[in-house]
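Everything on this sheet refers to the single structure shown next.
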Amino acid sequence: YYVIIFVEVIMVYLYNTKIIPEDLLVLFCYYQDNIIRNSLNSTKNSLRESSEDYILESITNKKITEKTFSELLFHYIDSSNLTDVQVYKKAFIDKRIFSKIRSNKSYHPSFGTIVLFALALKLSTLQFEDLLHSAAYSLPQNSYVNITLKYCFDNKIYDISRVNELIYAVSNKEISDL
């Protein structure tokens, strides 16, 4: 009961601040049951999803034909008309991290790093989700952050500072902290 009231208070606050577009708030309302259910089970799920065993299991169970994160990222970079330097600068990714990704085919990036690359490359929602899957992540519609990210990609909102503002409004985190 208290979780429902808390969620409703958040929704009113977000509406009143005018930071969040009204159609995104409508999506929050639509997925509210999933969000509440997720918040009630978050401890159990976050422990499982963040464990190294889960990540290793996800990576080793990949189909042979699937590309690794590194392969898929560089495929998208090659498909864009941007250089490697332009991409990592546009994504606010440190040169050393980019170098690790380039040299280590099995590099496992953070969720936030993937989001930043996807925004810099202006990927479609499907491409973004493929990039997430290549690193054993997904985008379930059970959190404000995930709904906001999907909204941004669906609506081609690629301005990192604007997306950061929306993410911060719903989570008090920046993209790089996800």
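The values are calculated or read from the model by the stated rules, or taken from the named source; none is laboratory data. Because the structure is a prediction, the values reported are computed rather than measured. Heads up, the Cβs are rebuilt from the backbone with ideal geometry, glycines too, and the neighbour counts pull from every protein chain shown. Note: areas computed on protein heavy atoms with side chains; ligands, DNA, RNA excluded. Shrake-Rupley method; radii C 1.70, N 1.55, O 1.52, S 1.80 Å.
Below is a table of values for the structure above.
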| item | result |
| --- | --- |
| Per-region count, the stretch 59-86, residues at pLDDT 90 or above, within 18 Å of the chain's Cα centre (by Cα) and either closer than 14 Å to Ala135 by Cα or among the charged types (D, E, K, R) (or both) | 4 |
| Which numbered condition Asp159 fails, given (1) farther than 22 Å from Lys105 by Cα; (2) buried (at least 18 other Cβ atoms within 10 Å of the Cβ); (3) more than 11 Å from the chain's Cα centre (by Cα) | (2) |
| Qualifying residue in the stretch 135-143 (condition: of a type in the set (A, V, I, L, M) and within 20 Å of Leu24 (Cα to Cα)) | yes |
| Scope the stretch 73-87; condition assigned to a helix (DSSP H, G or I) and in contact (Cβ under 8 Å) with a residue 24 or more places away in the chain; matching residues | Leu73, Phe74, Tyr76, Ile77, Val87 |
| Check on Leu121, under 20 Å from Lys67 (Cα atoms), open to solvent by less than 70 Å² (accessible area, probe 1.4 Å), touching a residue at least 40 places away in the same chain (Cβ under 8 Å) and not polar (S, T, N, Q) | yes |
| Among residues of the stretch 134-156, those that are open to solvent by less than 30 Å² (accessible area, probe 1.4 Å), closer than 20 Å to Leu73 by Cβ and without any contact (Cβ under 8 Å) to a residue 60 or more places away in the chain, counted | 4 |
| Looking only at the stretch 89-105, and only at residues there that are farther than 17 Å from Asp159 by Cβ and in contact (Cβ under 8 Å) with a residue 24 or more places away in the chain, the one that is least open to solvent (accessible area, probe 1.4 Å) | Ile101 |
| Number of positions in the stretch 79-93 that are within 16 Å of Ile160 (Cα to Cα) and out of contact with any helix residue (DSSP H, G or I) (no Cβ under 8 Å at 6 or more places or on another chain) | 2 |
| Test: residue in the stretch 98-106 that is part of a loop (DSSP other than H, G, I, E, B), within 24 Å of Tyr151 (Cα to Cα), out of contact with any Gly (no Cβ under 7 Å at 6 or more places or on another chain) and at pLDDT below 95 | no |
